[in-house]
1. If I ask for residues that are in a strand (DSSP E or B) and over 19 Å from A:Cys156 (Cβ atoms), which ones from region A:102-145 would you list?
2. From the list B:Gly176, B:Gly168, B:Gly187, which one is facing chain A (nearest Cβ under 7 Å) and small (Gly, Ala, Ser)?
3. Just the residues that are within 15 Å of A:Leu37 (Cα to Cα), in a strand (DSSP E or B) and of a type in the set (A, V, I, L, M), please, taken from region A:64-101.
4. Which is out of contact with any helix residue (DSSP H, G or I) (no Cβ under 6 Å at 6 or more places or on another chain) and within 8 Å of chain B (Cβ to nearest Cβ), of A:Leu87, A:Leu47?
5. Go through region A:40-83 and report how many residues are among the charged types (D, E, K, R) and within 21 Å of B:His96 (Cα to Cα).
6. So, B:Val126, is that one buried (at least 20 other Cβ atoms within 10 Å of the Cβ), more than 8 Å from chain A (Cβ to nearest Cβ), under 26 Å from A:Pro50 (Cα atoms) and within 18 Å of the chain's Cα centre (by Cα) or not?
7. Please determine whether any residue of region A:130-144 is farther than 30 Å from B:Glu144 by Cα, buried (at least 21 other Cβ atoms within 10 Å of the Cβ) and more than 7 Å from chain B (Cβ to nearest Cβ).
8. For region B:164-188, how many residues are part of a strand (DSSP E or B) and more than 24 Å from B:Leu84 (Cβ to Cβ)?
Protein chains: 2
Amino acid sequence: MTLSATPRTRLRRKRERQADDRALLHAVLDEALVCHLGIVDAHGAPLVLPTMHARVDDVVYVHGSTGAASLATEREVCLTVTLLDGLVLARSVFSHSANYRSAVVRGRARRVSDPEEHLRALWAVVEHLTPGQWNHARRPDPRETAATAVLALDLCEASVKVRQGPPGDPEEVPAGDRRWAGVVPIGTVLGTPETCPALPDDVAVPEHVRAWADRTRVAR
Amino acid sequence: MTLSATPRTRLRRKRERQADDRALLHAVLDEALVCHLGIVDAHGAPLVLPTMHARVDDVVYVHGSTGAASLATEREVCLTVTLLDGLVLARSVFSHSANYRSAVVRGRARRVSDPEEHLRALWAVVEHLTPGQWNHARRPDPRETAATAVLALDLCEASVKVRQGPPGDPEEVPAGDRRWAGVVPIGTVLGTPETCPALPDDVAVPEHVRAWADRTRVAR
């Protein structure tokens with residue numbers, strides 16, 4: 001199954017970096033801990049806010065307070081995630097770049113009203129942040145559920161872009177030029193869990209949190 | 001000097017997270033290696049693309065190919081950067097959150113045409129990625145300069161939002177409830193530089209790159 005390119009998501013440039021690969025789209029969305037949600041505000045100006053998301057099959061969910069303007073209504077959105085994998089330090093300034101994997105999902109987001117889908121979306125977001133956490137924490141009560149808005153965005157119109165590998169300086173390395181070039185990998189690491197100071201001293205960090213924190217997301 | 005709040009950048013919610021502090025705005029923009037640039041496309045739909053930026057005084061620059069649609073014209077943009085500092089795992093699902101520092105800059109971006117400012121912006125972007133790199137790499141030639149578009153966005157209309165600290169579960173911890181809560185810190189690390197395979201084996205990683213890669217950006 002490949003992503004259905006539309007005129008909006010077909011890249012105008014660097015087409016070799018576009019991978020029409022749904023598995024890659026899923027992987028990029030799943031690895032990213034934060035997304036950037038773009039909307040057009042009431043005055044026609046762009047507004048981009050960071051938020052947390054989760055994917056279930058071919059739907060990506062974002063959630064927030066029902067008081068958040070960006071989640072208030074069904075609307076056209078653009079949800080973008082970026083995994084920065086490395087700094088590409090070339091021999092020429094012009095060829096400097098970054099290694100990254102990014103996903104851009106565009107479409108009309110719908111407010112989720114079905115109670116079952118609403119709960120599934122919250123489950124997905126919590127499990128996306130830390131697997132195993134949903135069964136650990138107290139579930140939302142009706143008041144909390146009512147205060148939480150969930151937007152759903154189908155993965156119909158989406159593109160993935162990837163750059164990896166060494167610098168792409170156009171010129172051959174001139175004999176005698178000893179200028180270094182290469183890639184500095186970038187990764188995300190999770191640190192040692194810090195217990196909430198409100199808790200008794202002897203409450204241990206649970207295994208699912210410890211295992212998650214031990215996982216280091218390294219650059220490819 | 002404090003940021004001049006406008007009706008657009010004044011937060012509607014969580015005002016305690018907004019820090020009217022220009023130094024903090026600068027620090028967040030400077031620490032972020034990637035930004036997300038939001039525009040409104042020709043059809044009125046939002047589009048958010050990742051790109052690299054740099055700040056010089058109270059101007060933030062983004063650059064790219066002159067062929068990139070998002071940089072083609074002077075326009076309203078929203079430039080957002082987000083530093084994710086931790087996962088906030090609360091006792092209740094509802095109180096789950098993230099520790100982060102984010103900056104949102106809105107305004108009309110102008111295309112930089114002055115050659116001196118254009119060069120200064122490229123210098124700033126390269127030095128932002130890896131300090132010392134500008135003096136190491138070959139400078140842009142006229143053809144490369146002509147192929148590089150630079151947008152400038154004044155830091156007039158900007159907001160910074162910060163969440164830090166332990167989970168904010170509303171309820172007191174009930175006696176006997178041994179459920180763990182806390183924060184999993186998140187940081188960005190730079191890895192061991194990988195020399196471009198096109199270079200002779202004995203070209204050493206320069207000191208400025210080695211020093212930069214040794215720097216670990218840790219969660220606060």
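1. A:Arg138
2. When all the criteria are applied, what remains is B:Gly187.
3. Scanning region A:64-101 gives A:Val77, A:Leu79, A:Val81.
4. Answer to the check: A:Leu47.
5. 1
6. The answer is no for B:Val126.
7. No, region A:130-144 contains no residue that is farther than 30 Å from B:Glu144 by Cα, buried (at least 21 other Cβ atoms within 10 Å of the Cβ) and more than 7 Å from chain B (Cβ to nearest Cβ).
8. Counting residues in region B:164-188 that are part of a strand (DSSP E or B) and more than 24 Å from B:Leu84 (Cβ to Cβ) gives 0.
The values are calculated or read from the model by the stated rules, or taken from the named source; none is laboratory data. Given the structure is predicted, the values throughout are model-derived calculations rather than measurements. Backbone-built Cβ (ideal geometry, glycine too); neighbour counts: all protein chains shown.
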